[in-house]
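The values are calculated or read from the model by the stated rules, or taken from the named source; none is laboratory data. Every value quoted in this text rests on a predicted model; they were computed, and no experiment measured them. Cβ: placed from backbone, ideal geometry, glycine included. Neighbour counts: every protein chain shown. Accessible surface areas use protein heavy atoms only, side chains included; no ligands, DNA or RNA. Shrake-Rupley method; radii C 1.70, N 1.55, O 1.52, S 1.80 Å.
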Amino acid sequence: MKYLRLTLFFLLSSLFLFYYDNIHHPIVTTTFALVNDNHPIILVPGYGASLLEAKHLFNESKNFYAYENWENSTKAMTYLYCKINDNNNNEVYTTFNSYSLQNILAELENYTISPTFKNSGLFDIDNLNPSTIGPKRYYFHEMIIYLKTLGYEEGKNLFAFPYDWRNSIINISKDFKDYVKKVLEITKQEQITIISHSMGGYVVKNAILVDQIMNNNNVFYKTIKNWISFATPWQGIGKSSLLSSIIGTNLNNELLNKKIVRNVVLGALSTYERLTLDLKGKIESNIYLKDLNNNIKNKIDINEFLISMNHLLKDNYVVLNNNENVNVPFRYDILQKILNSDWINNYFNLDEKILQRYQPRTFYNFIGTNKKTPTGFTITNGVTKNTNNNNNPPYLFNLEDFTYEEEYTNDGDGVVTATSVYNDGLIATKRVTFPYSHNAILKATAPLNNVKYFLEKNCHLQGKWNITLEDLNNNENETNSVIAIIREEYNWHAYSDYNDKEMILNFYGGFLGDIWNGNFKLNNQNVTFIVNLIGNLIIENECYFNEFNGYYSPLQNYSNNIQQLNNQQLNKEYKIKGIKIMESGKECDKDVSCKVENGKGIQKCYNGYLSNICLITNCNLNYQISVGQPQRPSHCILLSDTSNGWIALPIILSIIGLIIISIICGGICYCSYKQSKRTQYSERLLDSNSL
């Protein structure tokens, strides 16, 4: 019994030490806490949207902007010519060691090409034509100004990540992670907010998700508090990448020679990665060929089209200043490697459990609509189908005659379809749509006002209000006024209940973007309302609206009432106005804790009125906040539920291992005990014989 007690003691001690070790040195410790609302923002631009400077190695006075340089755009662009060097013949596509970019003309003339990173990177994405000559090419300009009005300061908590958009998205994302680390060190913060546009979304997604999963490095995503994405073509563009590879593009600069840009595009690794995203995505690229009578004759298979492009551009070359010709072909071989790589598959095959584990807790997606967006094109000249049985490709090109028509369109922002942007493959906190073009969505007031809310910089409706309804149709100008408490809910909704013997007035609607719209009941009649929220009243470090005014109308369908107001379809003879009563409530004097299973939460106290939202502040060991709040309630979810059990597996195996060890030790002790008994018995037997 003595040895059995020792075995039991050893087992319990081992389990206690295991438990103690995991309390003080846990396998996974994840606590998502609410951080200072001035955590830094990093702006991440899209393709062709970072200034690139040609820096002379020996004479700084010779530096100039290779992109953009309005005075001589085309000549400056030739310094962006590059070729892709094959470092090895690996079948697996990993650009870290497989391929590298070599500047052709720039290297010949002792230049390097890179962003300037002036003004904490903001300079490179603010105005893409910083020259005093030519039109201003504002890009993130309005966004930067708006963020500064919210209290963000350049170099303190507002940064940008410009990059050489010719490089591989994989390599860019690696540099991005290093940049985030640097910003966190400068600001002494633990988390950042990312605002990305277009291809910038690819960079961020690769940094947060794909690279983390492929390299088993699951730390970076925790540094991202919010991610706000604008107009990223998650499912591909549909036609732009193809056409820019064949005939070029002027990158929205009318002075740029398209063929020069085409040569830059063909030598860029990002071209083939973007093409692959187009091919793998859900947006079909429709390509048709017309006959000599201008009738649509053939739909061109995209793979055959690419094979033909490869044949057409295999001998493409650029001419340097010394009249040397350098081959810059279409790299169909790289395209095929990417199509079969784990990298591209991870963009489209991330299931919800993995996303709950690795993506930021809040992700917002801005989608442009109401613009005709090409999804394909019809070739009218320059291409014929090859019907001969020879070694020529399926289609024969003549670039001198090549023309096309963008006859196939869908709803979108003019560059990317709304469907492509909407299908982000992530768990979105909220997706919002606006009737703006691809770049205008970064500049317009309505999207910027939404950004304010997603940054938690918005004002609040919560509190006591004097609400007045005025019926100008009535000859007596009938006016009704009530005192009501307005409360906020999830999804930036607010409601007010007022009910007495003479009047029933129940408001309910969303107030995202400083416009409160919805419906209410006026004496049992359904009424639509829309009001502009006004004011910037600060009480105890919280912002409150102090006034609203707008219109109401007995409309049955209020789902499109913002558009109805814009189109002056609401009857403006029914007016509504609200004035905030400057009186604190008596429901609370501070934030109140609320019950959260496996975690902690608070209900905010707004000027004496208690919010209905239970906001999770942190979760217990081995739990984390699910993606959702403040759009919808979040929960503390077990990490093993979000990672297919791999977090719990080491614990289970460790316990099993300890039990096995304990059994073995117990067996050894038991055998030793039996051996000892046998020895004692033998000794007594010998003693008895000797007697």
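Taking the stretch 354-405 as the search range and keeping residues that are among the β-branched types (Val, Ile, Thr) and in contact with a Gly (Cβ under 6 Å, 6 or more places away or on another chain), which one is nearest to ILE300 (Cα to Cα)?
Across the stretch 354-405, the extreme among qualifying residues is THR375.
Considering only residues that are open to solvent by less than 90 Å² (accessible area, probe 1.4 Å) and at pLDDT 85 or above, which ones fall in the stretch 538-566?
Correct list: ILE539, GLU542, CYS543, TYR544, PHE545, ASN546, GLU547, PHE548, ASN549, GLY550, TYR551, TYR552.
If you go through the stretch 232-266, how many residues are more than 19 Å from LEU128 (Cα to Cα) and outside any helix (DSSP H, G or I)?
Residues in the stretch 232-266 being more than 19 Å from LEU128 (Cα to Cα) and outside any helix (DSSP H, G or I): 10 in total.
Could we say that PRO329 is part of a loop (DSSP other than H, G, I, E, B) and open to solvent by less than 80 Å² (accessible area, probe 1.4 Å) here?
Yes: the conditions hold for PRO329.
ASN370 versus (1) open to solvent by less than 30 Å² (accessible area, probe 1.4 Å); (2) more than 24 Å from TYR288 (Cα to Cα): which is the lone unmet condition?
The failed condition is (1).
So SER341 passes all but one of these: (1) open to solvent by 50 Å² or more (accessible area, probe 1.4 Å); (2) modelled with pLDDT of 75 or more. Which condition number does it fail?
Against the list (1) open to solvent by 50 Å² or more (accessible area, probe 1.4 Å); (2) modelled with pLDDT of 75 or more, SER341 comes up short only on (1).
Among the candidates VAL210, VAL203, single out the residue that is of a type in the set (A, V, I, L, M, F, W, C), open to solvent by less than 10 Å² (accessible area, probe 1.4 Å) and either under 10 Å from the mean Cα position of the chain (by Cα) or at pLDDT 95 or above (or both).
VAL203
I'd like to check something: does the stretch 514-537 contain any residue that is open to solvent by 60 Å² or more (accessible area, probe 1.4 Å), modelled with pLDDT under 90, aliphatic (A, V, I, L, M) and out of contact with any helix residue (DSSP H, G or I) (no Cβ under 6 Å at 6 or more places or on another chain)?
No, the stretch 514-537 contains no residue that is open to solvent by 60 Å² or more (accessible area, probe 1.4 Å), modelled with pLDDT under 90, aliphatic (A, V, I, L, M) and out of contact with any helix residue (DSSP H, G or I) (no Cβ under 6 Å at 6 or more places or on another chain).
Filter the stretch 567-626 for residues that are assigned to a strand (DSSP E or B), open to solvent by less than 50 Å² (accessible area, probe 1.4 Å) and of a type in the set (A, V, I, L, M) and give the result.
Scanning the stretch 567-626 gives ILE576, VAL596, ILE602, LEU610, LEU615, ILE616, ILE625.
I need the full set of residues from the stretch 382-404 which are open to solvent by 70 Å² or more (accessible area, probe 1.4 Å) and under 40 Å from the mean Cα position of the chain (by Cα), in order please.
Once the filter is applied, which keeps residues that are open to solvent by 70 Å² or more (accessible area, probe 1.4 Å) and under 40 Å from the mean Cα position of the chain (by Cα), the stretch 382-404 yields only TYR404.
Of all residues in the stretch 90-112, which are farther than 21 Å from LEU266 by Cβ, modelled with pLDDT under 95 and polar (S, T, N, Q)?
Result: ASN90, THR94, ASN97.
How many residues does the stretch 110-134 contain that are open to solvent by 60 Å² or more (accessible area, probe 1.4 Å) and touching a residue at least 60 places away in the same chain (Cβ under 8 Å)?
Counting residues in the stretch 110-134 that are open to solvent by 60 Å² or more (accessible area, probe 1.4 Å) and touching a residue at least 60 places away in the same chain (Cβ under 8 Å) gives 1.
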